[in-house]
Amino acid sequence: MSDKMRSAGWGPGLAVLVATSCGFPRLPDLAAGGGDGGGGDGATGDGGTLPVSLELLAGDIGGPGTADGAGSAVRFAGPTGVAVDLGGNRIYVADQQNFTIRKVTPAGIVATLAGTAGAFGSADGMGAAARFTAPDRVAVDRDGNLYVADSNNSIIRKITVAGLVTTLAGTANMIGSADGTGAAARFHHPTGVAVDPVGNVYVADTFNATIRKITAAGVVTTLAGTAGMFGSVDGTGAAARFNRPTSLAVDLTGSTVYVADERNHTIRQIIGDVVTTLAGTAGVPGATDGTGAAAQFNFPEGVAVDQAGNVYVADSLNATLRKVSAAGVVTTLAGTAGMTGSADGTGTAARFDQPTGVTVDLSGNLYVVDAAADTLRKVTPTGIVTTLAGAANLAGSADGAGAAARFNFAVGIAVDRAGNLYVVDSGNSTLRKITPEGSVTTLAGTPGMTGSADGSGAAARFKFPSGVAIDSAGTLYVTDGNNTIRKVTAAGVVTTLAGTAGTGGSADGTGTAASFNGPIGIAIDSAGNLYVVDSTNNTLRKVTAAGVVTTLAGTAGLAGSADGTGAAARFSFPTGVTIDGAGNLYVTDARNRTVRAITPTGVVTTLAGTAGMTGAADGTGAAARFVAPFAASVDGAGNVYVLDDTAVRKVTPAGTTTTVAGTPGVQGIVLGATPRFTFPQGLVILGDSLVVTDTNAILLLRHGAQ
């Protein structure tokens, strides 16, 4: 999405960076350039031999991560299940996307009990040596042993208080519905577990649509439902029907099992083996409070029960916490249906993003995992909500300085001659400006107001724009979700250069006669020609300063991975583009998981990676592997820097690929000397450093000694 700035001694794409006293970058004496919104690591000429350090430039860095610690310093990644021991001294969280089980004290101090972040599998073992694949819901017995539904492995795990992990039932990656003992049993993507006072474990066997029971000796039987038979029938044993049951709770007497029957939007109860519907109506989602069938839920995912028999429901798509009395009367305890966020507060003033798991201690305090916010929340019996651990990534549109500013899915980025950064704030449908001192303002568009109107400043409208490039005069060019290329002057006056809003296609032509289909990446050469990655068309387009559009490489509608000249070449959902001083283009070919090179005459070759082969392996040419290359940037020495999933990779002119920062597949912004990213989308190289857009944050990756 962005080409690069030029500075003396470097080719297109590099600028000089020095630090001001306030800690924000100042970029003096820059020559013409542009931006591609994606790309490299801010490399030096030697391309990655010096250390790196990541800093926050503007916005918010909450959200997914792996950090242990206390309170808001903690990071989770897609937590799903939560359980609390009888004494209320240990809270356990299934940190699904980290492949770990975390332990939390009532004071919010978090440690990793079992598994290793970023390492998945099915190995039993002690603590960090164990491996999980998508651990889901968890439950604790009276002795403090933890039970985990390891859903993608289709097994049930047991973890002692000391952290020793064993497999209680099932065999990893062997799906089915067989009853039996231990490894002889079979499950199909189990997600929920609960344990009764005598140590029987109950399992929501989600893809089998059944409820299973495991004795302390590991003997598995089917309590209710019939494998593969989905529905919403009340009845006894095998006659009952469920639709993707996800979570379970058992009352203190062990007499009643409660089920969050997610796809039926109901709460079911099982007494003995008799299944009835406690609240909600099958197939009728909603947010209505009421009694029994009059109440409505919207994909309830978590369920817990207190000493008095009240049931608490994490009503995920309503973003609320609901309470169901023993008589089936449903009320909303916290949150407001349809109002998502991460605000602490009382009752309806609180906000959740996507609550998925809930548990309750003997004092009536509830603990809720807010999966989309990557936080653990505490709710008192009176509905007071606080954040116990983790930090939500806060989207917004506020202008301001540094961390006071807010973005909503920042993607493309470019830099002008004076060192001002320009950020495509896609979720807000705006174009933002960041001064060298770090002050953020909105240059064009109005947050939350989508459209295609030309105009000045706030009067202009974009529709989820993505890429940005800048010319030597400071004029910006933006790829817009309207299937258009927009032009924005330094004063914020927006016009449409090419394409017609709302009209997709692949026609070459001038101005509105041309059409695009999903333009994302954009770069600019020294003559003012734009190069646009027309992603859904699988082509690379050229747009002159006069708005004349031609197709440089690829053929619209024909996906593939063929090298060749012009229309003979094939791409598969290309996304990012950058250009070097000789006019060579470099394209991230996302679905092929390769980096392609295009000469000025349209000859396409594969620089790194092998089409269809995924991974994170460093290597030369076809031996390298990429996970999801999205955007690229090239430095003055011809090194191409690629944003690959959650990592920055470097590709030399000879095609040798190395990893500079981050680890593909490991999410979570981590500042400092071991950088991590969450969802990096765009960057611009600045001398020995670069600026990276990552979700709702603008990050500075310094390279080399400072």
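The values are calculated or read from the model by the stated rules, or taken from the named source; none is laboratory data. In this text, all values refer to a predicted model and were calculated from it rather than measured experimentally. With ideal geometry, Cβ positions are generated from the backbone for all residues, glycine too; neighbour counts draw on all protein chains shown. What goes into the accessible areas is simple: the full protein's heavy atoms, side chains included, and nothing from ligands, DNA or RNA. Shrake-Rupley method; radii C 1.70, N 1.55, O 1.52, S 1.80 Å.
I need the per residue convex hull volume for the range 588-703, using only the alpha carbons, in cubic angstrom as a whole number. Display every interim value, and only then the final one.
On the way: hull volume 11.5 nm³, N = 116.
Dividing the Cα hull volume of the range 588-703 by its residue count gives 99 Å³.
The calculated pair-distance distribution of the chain uses every alpha carbon pair, bins of 10 angstrom beginning at 0, and gives 3, 16, 23, 21, 18, 13, 5, 1 percent.
Its relative contact order, with pairs defined as Cα atoms under 8 Å and 6+ residues apart, puts the chain at 16 percent.
Taking amide H as placed 1.01 Å from N in the peptide plane, residue 401 has its amide H under 5 Å from the amide H of 440, each at least 5 places away in sequence or on another chain. Computed on the Cα trace of the range 471-560, the radius of gyration divided by the Kirkwood hydrodynamic radius gives Rg/Rh = 0.95. Oblate is the label for the range 236-317. Its Cα gyration tensor axes, ordered a ≥ b ≥ c, give a/c of at least 1.5 and b/c at or above a/b. Relative contact order of the range 121-191, taken over Cα pairs closer than 8 Å and 6 or more residues apart, is 26 percent. With all protein chains in place and a 1.4 Å probe, the accessible surface of the chain carries 56 percent carbon and sulfur. Its convex hull of Cα atoms gives the range 113-259 a direction-averaged projected area, equal to a quarter of the hull surface, of 7.7 nm². Ratio of Rg to Rh for the range 279-357: 0.95 [Cα atoms; Kirkwood radius as inverse mean 1/r over pairs]. Accessible area per residue for the chain is 31 Å², calculated with a 1.4 Å probe on protein heavy atoms, without ligands, DNA or RNA.
The distance from the alpha carbon centre of the range 184-205 to that of the range 638-656 is 45 Å, rounded to a whole number.
FRET efficiency for the residue 398 to residue 654 pair, using the beta carbon distance and R₀ = 41 Å, is estimated at 0.35.
3J(HN,Hα) couplings calculated from phi for the range 512-524 with the Karplus curve 6.51 cos²θ - 1.76 cosθ + 1.60 (θ = phi - 60°) are, in sequence order, 6, 6, 7, 9, 10, 9, x, x, 10, x, 8, 9, 9 Hz; Gly and Pro show x.
Each Cα pair under 8 Å and six or more residues apart adds its sequence gap; the mean of these over the residue count of the range 163-216 is a relative contact order of 24 percent. Backbone amide hydrogens, once placed in the peptide plane, bring residue 616 within less than 5 Å of nothing, excluding anything fewer than 5 places away on its chain. Computed across the range 443-495, the Kirkwood hydrodynamic radius from all distinct Cα-Cα pairs reaches 10.7 Å.
Which entries in the list 158/378; 378/433; 378/463; 323/463; 463/650; 433/542 go over 30 Å, if you measure between the two C-alpha atoms of each?
Cα-Cα > 30 Å for 378/433; 378/463; 323/463; 463/650; rest within.
For the chain, a crude dipole built from +1 on the beta carbon of Lys and Arg and -1 on the beta carbon of Asp and Glu, taken about the Cα centre, is about 360 debye to the nearest 20. Shown here are the Rg and Dmax of the Cα trace of the range 282-323, at 10.2, 30 Å. Between residue 181 and 220, the built amide H atoms are under 5 Å apart, and every one of these is 5 or more places off in sequence or on another chain.
Residue ranges 587-595, 75-83 sort as 75-83, 587-595 when ordered by packing (mean number of other C-beta atoms within 10 Å per residue, highest first). Taking all protein chains together and a 1.4 Å probe, the residues 265, 188 rank 188, 265 from largest to smallest accessible area. Under conditions of 10 °C and 1.306 mPa s, the range 231-280 yields 149 µm² s⁻¹ as its translational diffusion coefficient, taking Rh as the Kirkwood radius over Cα pairs in the Stokes-Einstein equation. Across the range 658-674, coupling constants 3J(HN,Hα) worked out from phi with the 6.51/-1.76/1.60 Karplus curve, θ = phi - 60°, read 10, 9, 9, 7, x, 9, x, x, 9, 8, x, 5, 10, 7, x, 7, 10 Hz, and Gly and Pro carry x.
Can you pull the Rg over Rh of the range 496-649, Cα-only, Kirkwood? Please report the intermediate quantities before stating the final value.
Numbers: Rg = 14.6 Å, Rh = 15.2 Å.
Result: Rg/Rh = 0.96.
Net charge in the neighbourhood of residue 554 (other residues with Cβ under 11 Å of its Cβ; Lys, Arg +1, Asp, Glu -1) is +1. Here the 3J(HN,Hα) profile of the range 195-210, calculated from phi with Karplus coefficients 6.51, -1.76 and 1.60 at θ = phi - 60°, is 10, 9, x, 9, x, 6, 9, 10, 10, 7, 8, 4, 6, 8, 6, 9 Hz, Gly and Pro shown as x.
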